[in-house]
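Trainee: Handing you a structure now.
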2 protein chains.
Amino acid sequence: MNIGEVAKRAGLNSRTIRFYESIGLVSQPDRARSGYRDYAEKDVHQLRFVASARALGFSVEEIRQLLALYDDRARSSSDVKRLVLHHVEEIDRKLQELAAMRRTLMHLAERCHGDQRPECPILDELSLVKRQQ
Amino acid sequence: MNIGEVAKRAGLNSRTIRFYESIGLVSQPDRARSGYRDYAEKDVHQLRFVASARALGFSVEEIRQLLALYDDRARSSSDVKRLVLHHVEEIDRKLQELAAMRRTLMHLAERCHGDQRPECPILDELSLVKRQQ
DNA sequence: ATGGACATTCCAGTAACTGGAAGGTCAAGG
DNA sequence: CCTTGACCTTCCAGTTACTGGAATGTCCAT
C-alpha cells in the first residue's frame, strides 16, 4: 500500500507521515522495487494509533511512550492508565485556565455598551488590572 | 525607570519587553544618558495592558489591534467588544474540544484495570478507533 | 505522451517567546 | 578603586508539530 492510501486510511497527511518516520516515531515501512514506501497493515495500525492519540491531545513524546507500551508484551496496564490520567490532569488544568479567561472576558464585555461611543471599560480595565498570578 | 523595574511592575520578563519593542507592539521608551531605556508611567501602562491581554489569551496581533483602539480617541466601543467576543468564541471552541478529549480519555481510563496485567483497552482502542472529524 | 503520485534533500516558516554567546558600559555599594 | 549586578547590542538558535516551497528527479496508470 502506498503512502497516499495509508494517509487517507490513517487520517493523516503524507508529509506528516514522513515527518513521523523521520523523528523515529513510527517504523519505516518496506520499499517496493520502485523505491516507493510499501505499507503493511500493521504500519497502518501504528499510524492510526498515532493519529488517534494526537486527536486526543497527546504530544508526540507522550505518543512515543504509548507506542512503546503498546509494543511491550510485558507492560502493565497501570503504566498506560497513569499516562492517560496525567494527560487528563493537564487537560483539566487547561480547561480551568480557559474558563477563568472566559469569565473575565464575559464580565468585561457585559460592561461594554458596544456602541459608537469611545468609552470602553474593557480597555480601561486592561491597562489597570494587575496581572493575576 | 529602568527595564528591570518596569518588568516587575508589568509582570513581564525584560527580554519579553525588548521582544515586544522589537516587533513594534509597544512604543520605544526614552533613553537615559547611559543608553539605558528610561520608561515613563505611560509606558508601564502600555506594558501592563499587554501583559493583561496576554494573560487573557489574546494573541500578539490581537493585542496590537486592542492597543490601536486604546490609542484611538475616535474608536467605537463596539469594535472593542467585537474583538473580545470573537476571542470568547475561540475560547469556547477550545473548551469544547478539550471537554470532548477529556470525555473520551476518561471513558478509556475507566475501562482499564490499571494493574500489573498487560491487557489494556486504551491501547486497543487507540489502534482501532477511526479518527473523529 | 501525460498527469499525478511518489521519491529525496534542503531550507524555512508558523507563534511567542527565551536562551546563549560575545563583547561591552553603567551604576551603586563596599 | 573594586566588585557585582543591571544594562546595552547583535547574532544565532531552540521550543512544538508540523507544513510549505524549491529543486530535481522516477514511477505508474491511462
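Trainee: Can you give me the three principal axis dimensions of the stretch A:1-73 from its C-alpha atoms, in Å, biggest first?
Mentor: 34, 25, 19
Trainee: Further, regarding this structure: What is the Cα centroid distance between the stretch B:102-128 and the stretch B:62-95, reported in whole angstrom?
Mentor: 42
Trainee: Additional query: Rounded to the nearest 500, what is chain A's calculated 222 nm mean residue ellipticity when only DSSP H runs of at least 4 contribute -39500 (n - 2.57) each, over all residues?
Mentor: Details: 6 runs with 86 residues, N = 133.
Helix contribution divided over all residues of chain A: -21000 deg cm²/dmol.
Trainee: Dipole size in debye (nearest 20) for chain A around its Cα centre, Lys and Arg Cβ +1, Asp and Glu Cβ -1? Show your work: numbers first, answer last.
Mentor: Working: 23 positive and 20 negative charges, 63 e Å.
Dipole of chain A, to the nearest 20 debye: 300 debye.
Trainee: Here's something else I'd like to know. Efficiency by 1/(1 + (r/R0)^6): what FRET value for B:H45 and A:L95, r their Cβ-Cβ distance, R0 = 30 Å, to the nearest 0.05?
Mentor: Working: r = 32 Å, r/R0 = 1.06.
Given R0 = 30 Å and the Cβ-Cβ separation, E is 0.40.
Trainee: If one puts a single equal scatterer on every Cα of the stretch A:76-133 and applies the Debye formula without solvent, what log₁₀ I(q)/I(0) results at q = 0.19, 0.21, 0.28, 0.31 Å⁻¹?
Mentor: For the stretch A:76-133 at q = 0.19, 0.21, 0.28, 0.31 Å⁻¹, log10 I(q)/I(0) is -0.77, -0.86, -1.09, -1.17.
Trainee: In nm to one decimal, list the spacings between the B:H86 label point and its equivalents in the other copies, with label points set 7 Å along Cα to Cβ, shortest first.
Mentor: Label-point separations across copies, in nm and ascending: 3.9.
Trainee: Convex hull over the alpha-carbon atoms of chain A: what's its volume per residue in Å³?
Mentor: Values: hull volume 24.5 nm³, N = 133.
In chain A, the Cα convex hull volume per residue is 184 Å³.
Trainee: Something else now. Under a point-charge model restricted to the Cβ atoms of Lys and Arg (+1) and Asp and Glu (-1), what is the dipole moment magnitude of the protein assembly as shown relative to its Cα centre, in debye to the nearest 20?
Mentor: Values: 46 positive and 40 negative charges, 60 e Å.
Dipole size: approximately 280 debye.
Trainee: Output the pairs from A:K8/B:K94; B:K42/B:K81; A:K81/B:K94; B:K42/B:K94; B:K8/B:K94; A:K94/B:K81 with a Cα-Cα distance over 28 Å in this structure; if there are none, say none.
Mentor: Working: A:K8/B:K94 26 Å; B:K42/B:K81 24 Å; A:K81/B:K94 24 Å; B:K42/B:K94 34 Å; B:K8/B:K94 31 Å; A:K94/B:K81 24 Å.
Pairs exceeding 28 Å: B:K42/B:K94; B:K8/B:K94.
Trainee: Where the label is 7 Å out from Cα toward Cβ, how close does B:S34 come to the same position in every other copy, in nm, shortest first?
Mentor: Those separations, rounded to one decimal, come out as 6.9 nm.
Trainee: Return the long-range amide H neighbours of A:D38 (sequence gap of 5 or more, or a different chain), with a cut-off of under 5 Å between placed amide H atoms.
Mentor: A:D30, A:R31, A:A32
Trainee: Given N residues in the protein assembly as shown, what is its alpha carbon radius of gyration divided by 2.2 N^0.38 Å? Write out the running numbers ahead of the final one.
Mentor: Numbers: Rg = 24.9 Å, N = 266, 2.2 N^0.38 = 18.4 Å.
This ratio for the protein assembly as shown stands at 1.35.
Trainee: Choose one answer from A:L47, A:L12, A:L98: the residue with the largest mean-square fluctuation in a GNM of chain A with alpha-carbon springs under 10 Å.
Mentor: A:L98
Trainee: May I ask for the Rg/Rh ratio of the stretch B:59-98, computed from Cα atoms with Rh as the Kirkwood radius, given to two decimals?
Mentor: On the way: Rg = 12.0 Å, Rh = 11.0 Å.
Expressed as Rg/Rh, it is 1.09.
Trainee: How high is the relative contact order of chain B? Use alpha-carbon pairs under 8 Å, at least six apart in sequence, and give a whole percent. If you can, show how the numbers build up before the last one.
Mentor: Numbers: 69 pairs, mean separation 20.6, N = 133.
Value for chain B: 15 percent.
No value in this document is a laboratory result; all are computed from the given coordinates. Quick caveat, the model's predicted, so the values are computed rather than measured. Don't worry about glycine lacking a Cβ; one is built from the backbone with ideal geometry, like all the others, and counts go over all protein chains shown.
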